[in-house]
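Contents: one structure, followed by commentary.
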Amino acid sequence: QGVSSAASDVYKRQMLRNALNDVIREQDSNWLVYGEYSGFHIFPNHEDIQITIDSIYAGRVHYRALKGGTPAHLIWKIRAGMILGGVDVVAWPGGWVSGIHTEDDIAITTEAFRQLLVMIREDRPRT
(Lines give C-alpha, C1' and ligand atoms only; values in the text may rest on other atoms or scores of the structure.)
Protein backbone atom coordinates (compact mmCIF):
# COMPACT_ATOMS: atom_id res chain seq x y z
CA GLN A 1 0.00 0.00 0.00
CA GLY A 2 1.31 3.46 -0.91
CA VAL A 3 1.87 6.47 1.27
CA SER A 4 -1.20 8.67 1.72
CA SER A 5 -1.28 12.04 0.00
CA ALA A 6 -1.25 13.87 3.34
CA ALA A 7 1.74 11.86 4.58
CA SER A 8 3.54 12.49 1.29
CA ASP A 9 2.90 16.24 1.63
CA VAL A 10 4.36 16.31 5.15
CA TYR A 11 7.37 14.25 4.07
CA LYS A 12 8.10 16.47 1.04
CA ARG A 13 7.77 19.70 3.01
CA GLN A 14 10.14 18.50 5.71
CA MET A 15 12.53 17.07 3.13
CA LEU A 16 12.77 20.46 1.41
CA ARG A 17 13.19 22.45 4.62
CA ASN A 18 15.88 20.05 5.84
CA ALA A 19 17.70 20.16 2.50
CA LEU A 20 17.70 23.97 2.43
CA ASN A 21 18.95 24.15 6.03
CA ASP A 22 21.67 21.63 5.15
CA VAL A 23 22.80 24.01 2.38
CA ILE A 24 22.82 26.89 4.87
CA ARG A 25 25.10 24.91 7.18
CA GLU A 26 27.34 23.82 4.26
CA GLN A 27 27.69 27.44 3.17
CA ASP A 28 28.33 28.62 6.77
CA SER A 29 25.45 31.07 6.48
CA ASN A 30 23.35 32.61 9.25
CA TRP A 31 20.12 32.20 7.26
CA LEU A 32 17.27 29.88 8.29
CA VAL A 33 14.47 28.10 6.49
CA TYR A 34 11.40 27.31 8.55
CA GLY A 35 7.72 26.72 8.03
CA GLU A 36 4.67 24.79 8.90
CA TYR A 37 1.98 23.21 6.81
CA SER A 38 2.57 23.76 3.09
CA GLY A 39 4.79 26.82 3.29
CA PHE A 40 8.48 27.35 3.68
CA HIS A 41 9.99 30.67 4.65
CA ILE A 42 13.50 31.90 3.95
CA PHE A 43 14.85 34.08 6.76
CA PRO A 44 17.96 35.82 5.40
CA ASN A 45 19.01 37.20 8.80
CA HIS A 46 20.48 40.33 7.26
CA GLU A 47 20.89 41.89 10.73
CA ASP A 48 22.83 38.84 11.95
CA ILE A 49 20.65 38.34 15.03
CA GLN A 50 20.96 35.30 17.28
CA ILE A 51 18.03 33.16 16.17
CA THR A 52 17.18 29.50 15.88
CA ILE A 53 14.37 27.61 14.24
CA ASP A 54 13.26 26.50 17.71
CA SER A 55 13.05 30.12 18.88
CA ILE A 56 10.87 30.95 15.87
CA TYR A 57 8.49 28.05 16.55
CA ALA A 58 8.37 28.92 20.27
CA GLY A 59 7.26 32.48 19.43
CA ARG A 60 10.37 34.13 20.90
CA VAL A 61 11.15 36.03 17.68
CA HIS A 62 9.19 39.22 17.09
CA TYR A 63 6.92 38.92 14.08
CA ARG A 64 8.41 42.09 12.58
CA ALA A 65 11.78 40.36 12.28
CA LEU A 66 10.13 37.52 10.37
CA LYS A 67 7.42 39.33 8.44
CA GLY A 68 8.56 42.57 6.92
CA GLY A 69 12.03 42.82 8.43
CA THR A 70 13.89 41.96 5.22
CA PRO A 71 14.74 44.91 2.97
CA ALA A 72 13.01 44.89 -0.41
CA HIS A 73 16.30 44.82 -2.32
CA LEU A 74 17.29 41.58 -0.55
CA ILE A 75 13.88 40.00 -1.13
CA TRP A 76 14.17 40.69 -4.85
CA LYS A 77 17.78 39.46 -4.91
CA ILE A 78 16.61 36.18 -3.34
CA ARG A 79 13.76 35.88 -5.78
CA ALA A 80 15.95 36.70 -8.80
CA GLY A 81 18.66 34.29 -7.65
CA MET A 82 16.17 31.46 -7.26
CA ILE A 83 14.63 32.21 -10.66
CA LEU A 84 18.12 32.04 -12.19
CA GLY A 85 18.30 28.54 -10.72
CA GLY A 86 14.96 27.60 -12.27
CA VAL A 87 12.77 28.02 -9.17
CA ASP A 88 10.13 30.70 -8.72
CA VAL A 89 9.53 31.66 -5.09
CA VAL A 90 7.11 34.23 -3.76
CA ALA A 91 8.20 37.57 -2.41
CA TRP A 92 7.87 36.92 1.33
CA PRO A 93 10.48 35.13 0.46
CA GLY A 94 9.58 31.48 0.39
CA GLY A 95 7.14 29.18 -1.27
CA TRP A 96 4.90 26.17 -1.11
CA VAL A 97 5.63 22.50 -1.39
CA SER A 98 3.31 19.52 -1.53
CA GLY A 99 3.19 15.86 -2.37
CA ILE A 100 3.03 16.65 -6.09
CA HIS A 101 6.58 17.94 -5.93
CA THR A 102 9.01 15.24 -6.90
CA GLU A 103 12.39 14.51 -5.38
CA ASP A 104 13.83 16.05 -8.56
CA ASP A 105 11.88 19.26 -7.82
CA ILE A 106 13.36 19.31 -4.34
CA ALA A 107 16.86 18.71 -5.72
CA ILE A 108 16.44 21.56 -8.24
CA THR A 109 15.19 23.88 -5.49
CA THR A 110 18.07 22.88 -3.22
CA GLU A 111 20.66 23.52 -5.94
CA ALA A 112 19.09 26.88 -6.84
CA PHE A 113 19.27 27.84 -3.15
CA ARG A 114 22.92 26.74 -2.96
CA GLN A 115 23.76 28.89 -5.98
CA LEU A 116 21.85 31.81 -4.43
CA LEU A 117 23.85 31.64 -1.19
CA VAL A 118 27.12 31.52 -3.13
CA MET A 119 25.99 34.50 -5.20
CA ILE A 120 24.99 36.47 -2.07
CA ARG A 121 28.31 35.68 -0.37
CA GLU A 122 30.31 36.73 -3.43
CA ASP A 123 28.28 39.95 -3.68
CA ARG A 124 29.10 41.07 -0.11
CA PRO A 125 31.59 43.92 0.21
CA ARG A 126 35.00 42.72 1.35
CA THR A 127 36.45 44.31 4.49
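The values are calculated or read from the model by the stated rules, or taken from the named source; none is laboratory data. The model shown is predicted, which means the values in this text are computed figures rather than measured ones. Positions of Cβ are backbone-derived with ideal geometry, glycine not excepted, and every protein chain shown enters the neighbour counts. Note: areas computed on protein heavy atoms with side chains; ligands, DNA, RNA excluded. Shrake-Rupley method; radii C 1.70, N 1.55, O 1.52, S 1.80 Å.
Tabulated data
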read-out	value
Selection within the stretch 48-67 - farther than 20 Å from ARG25 by Cβ, under 17 Å from the mean Cα position of the chain (by Cα) and not in a helix (DSSP H, G or I)	LYS67
All positions within the stretch 108-127 that are exposed (fewer than 12 other Cβ atoms within 10 Å of the Cβ) and modelled with pLDDT of 80 or more	ARG121, GLU122, ASP123
Options GLY94, GLY35, GLY68; residue that is touching a Lys or Arg at 6+ places or on another chain (Cβ under 8 Å), among the small types (Gly, Ala, Ser) and either under 18 Å from ILE106 (Cβ atoms) or open to solvent by 50 Å² or more (accessible area, probe 1.4 Å) (or both)	GLY35
Hits in the stretch 38-65 (condition: free of Cβ contacts under 8 Å to residues at least 12 places away in the same chain and open to solvent by less than 40 Å² (accessible area, probe 1.4 Å))	SER55, VAL61
Of residues in the stretch 71-89 being touching a helix residue (DSSP H, G or I) at 6+ places or on another chain (Cβ under 8 Å) and open to solvent by less than 40 Å² (accessible area, probe 1.4 Å), the one modelled with the lowest pLDDT	VAL89
Members of the stretch 68-108 found to be outside any helix (DSSP H, G or I), more than 18 Å from TYR34 (Cβ to Cβ) and aromatic (Phe, Trp, Tyr), listed by number	none
